[in-house]
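Remarks on the structure that follows.
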Amino acid sequence: MGTRMNARVDHDLVIVGSGFSGIGMAIAAKNRRRDFVVLEKADEIGGTWRDNRYPGCECDVPSHLYSFSFELNPYWSKAYATADEIQDYLLYCVEKFDLRQHMRFGSVVERMTYDEGLAAWHLTVTTGNGETHQLVAGAVALGVGALHEPVIPEIPGIESFRGELLHTAAWDPGTTVVGKRVGVIGTGCSGVQVIPPLAEDAHSLTVFQRTPTWVLPKVDPAYPDWLIDQYEKRPWLMKAHRAKLRAAGEVRVGGFTKQPAALKAASKAALAHLRSSIKDPKLRAKLTPDYTMGCKRVTMSNTYYPALASDHVTVETSPIQDADVTSLATEDGTTHELDVLVFATGFDVTGSYRHLNITGLGGRTLDTDWAEDIQTYYGVTAPGYPNLFFLLGPNTVLGHTSVVLMIEAQIGLISRLLDERDERGATAVQVRPQVVPAHMQRLDERSASSVWQAGGCSSWYLDDEGRNRVLWPGGVGEYERKLARPELVDYEFTGSA
Ligand code: N01
């Protein structure tokens, strides 16, 4: 099981979650012969790509960039992988690196409390059979996912609705909408993907749109067998392809943070896509965004607009008023009779952390600290929470390229900090509180001119005060360099093993 550094703990490292973050962290821990377990609340590995099983679910980041750099996959079937294909890739990684023996499925972390005397975390964990037990961890890495906790908007009367209610992120694969009257609330990335297949099967479909989305055409060719064959035989070719995709992502970030002409060109392409797909001027007006492209995540689809143009599909822009047993009413006085209502209404980004009830040094809680403002250092560590690490934490999500790159950089930093702690004979590592405000100020200054804050829209990227606490406002290369060569003076190493 690896080497345990601190004899007073059950495990040197506890990893929470088994999506890309948790699996990547587990591989790194295994390579370093650390003693670790992975706590997963579901009964199978995977996060986003296990839970998002709605029809049409795909990743809008190119497949060859959406994989670990150390485990490239020549077999992606097309430019943008489906959810199933990505989950299969993760399953493959778990088997290849023999991680199942470290997985504890059906394990829900209810509470985490830091014990300064032990320099360790006490975790209260409930298991599938309802039993609760305690674990003591020398360090905890949280890979609980930014996009995990579904948001269901409050709609007066919704509890009386007798039809089927579904959220895109908690889809029952047995669901069929054939011949049914379906409503979809939300037109973000999930809505744009789920609407076309639902429209194909449904008797009628009503799309409740609050804000129209920017939609680019999707160039998604299938990869021919000969290419897959070449990638298998000559991995350098696949690496070259990946390098190009990565460079394109780095160019895009300039568009989001400084809004140059590139974004204008993309807006033109999206509006041309809208014009050529939607002939009815009234519908086109409804679907035309009134905010700068990139302010919300840009979507890509060749089937979304044609679905909305179908005779049996209605785009309702009047706000939802309330629900009753069989219908949703909108403020314009229309009653929409429905058999199925789908929420494509997104995620509560800090919700996953709230459920963990994290108490750090001196009894401070992450909930209270983050209710005021989310303060982290490169999204990986937070002052007052020693030996605790976030994967894909605040200000490290990307709107333009692959988050797996960020996750790998974070895994490298966490591994380095833990190694350093152990080599120094210390028991705790935490970011020095005094370096964090200046770091956050730099992020704020960079975010202020970004399209996310200045683009004239609201989105899950911004907190209640309008501050970006989700996205990294820079390039991936820059982030990787910062994490690969950390300023160790920014961290405190305390205690003695
Ligand atoms: O969620 P969202 P999502 N009444 O929050 C609407 C990733 N992702 O699941 O814009 C009416 O973006 C809301 O309206 P408005 C990706 O990073 C990736 O679609 O707030 N409508 C909006 O239209 C993405 O950014 C892929 O006015 C209500 C929608 O619901 C992130 O997940 C695929 C409402 C929510 O959009 C989240 O995307 C899918 C209400 N009360 C998702 N409340 C990839 O391909 C909310 N809305 C990688």
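The values are calculated or read from the model by the stated rules, or taken from the named source; none is laboratory data. Since the model is a prediction, treat every value here as computed from it, not as a measurement. Note: ideal-geometry Cβ built from the backbone for every residue, glycine included; neighbour counts use all protein chains shown. Please note that ligands, DNA and RNA were not included when accessible areas were found on the heavy atoms of the full protein model with its side chains. Shrake-Rupley method; radii C 1.70, N 1.55, O 1.52, S 1.80 Å.
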For the range 166-215, accessible area per residue (1.4 Å probe, heavy atoms of protein chains only), Å²: 35
Given a Förster distance of 30 Å, the FRET efficiency implied by the Cβ-Cβ spacing of residue 92 and residue 176, rounded to the nearest 0.05, works out to 0.50
Computed over the chain: longest principal axis from alpha-carbon atoms vs helix 20-31 long axis, angle to nearest 10 degrees, is 30
Calculated FRET efficiency for the pair residue 482/residue 222, C-beta based, R₀ 30 Å, to 0.05: 0.20
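With each run of n ≥ 4 DSSP H residues scored as -39500 (n - 2.57), what mean residue ellipticity at 222 nm is computed for the chain after dividing by its residue count and rounding to the nearest 500 deg cm²/dmol?
-10000 deg cm²/dmol
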Along Cα→Cβ, 7 Å out, is where each label goes; now give me the distance between the ones at residue 465 and residue 311 in nm to one decimal. 5.5
Quick one: grab the alpha carbon gyration tensor of the range 342-433, order the square roots of its eigenvalues as a ≥ b ≥ c, and give me rounded if a/c is under 1.5, else prolate or oblate depending on whether a/b is larger than b/c. oblate
How far is helix 436-448 tilted off the main Cα axis of the chain, in degrees rounded to 10, range 0 to 90? 20
Please give, to one decimal in nm, the separation of the simple spin-label points placed at residue 104 and residue 442, each 7 Å out from Cα toward the Cβ. 3.7
Per 0.36 nm of contour for each residue apart, how much would the distance between residue 337 and residue 324 grow if the chain were fully extended, relative to their Cα-Cα spacing? 3.7 nm
Full extension from residue 239 to residue 449: what is 0.36 nm times the residue separation minus their Cα-Cα distance, to one decimal in nm? 72.2 nm
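What is the gain in length, in nm to one decimal, between residue 165 and residue 489 on full extension, counting 0.36 nm per residue of separation less the C-alpha to C-alpha distance?
Values: separation 324, 0.36 × 324 = 116.64 nm, distance 5.15 nm.
Between residue 165 and residue 489, full extension yields 111.5 nm more.
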Using the Cα centre of the chain as origin and beta-carbon charges of +1 (Lys, Arg) and -1 (Asp, Glu), tell me which of 23, 101, 153 is placed farthest towards the positive end of the dipole. 23
Neighbour-limited loop hits for trypsin sites (Lys or Arg not before Pro), the range 24-112 (at most 16 other Cβ within 10 Å; DSSP other than H, G, I, E, B): 32, 33
Give the angle, between 0 and 90 degrees and rounded to the nearest 10, that separates the Cα long axis of helix 403-423 from the longest principal axis of the Cα atoms of the chain. 10
Over the chain, what is the relative contact order in percent, taking alpha-carbon pairs closer than 8 angstrom and at least six residues apart? 19
Centre separation in Å (Cα based) which lies between the range 449-469 and the range 187-252: 25
1/(1 + (r/R0)^6) with r = Cβ-Cβ of residue 250 and residue 355, R0 = 35 Å, i.e. FRET efficiency to nearest 0.05, evaluates to 0.50
Can you compute the modelled spin-label distance between residue 124 and residue 372, with each label point 7 Å from Cα toward Cβ, in nm? 2.5
Over what distance in Å are the Cα centres of the range 62-98 and the range 101-134 separated? 30
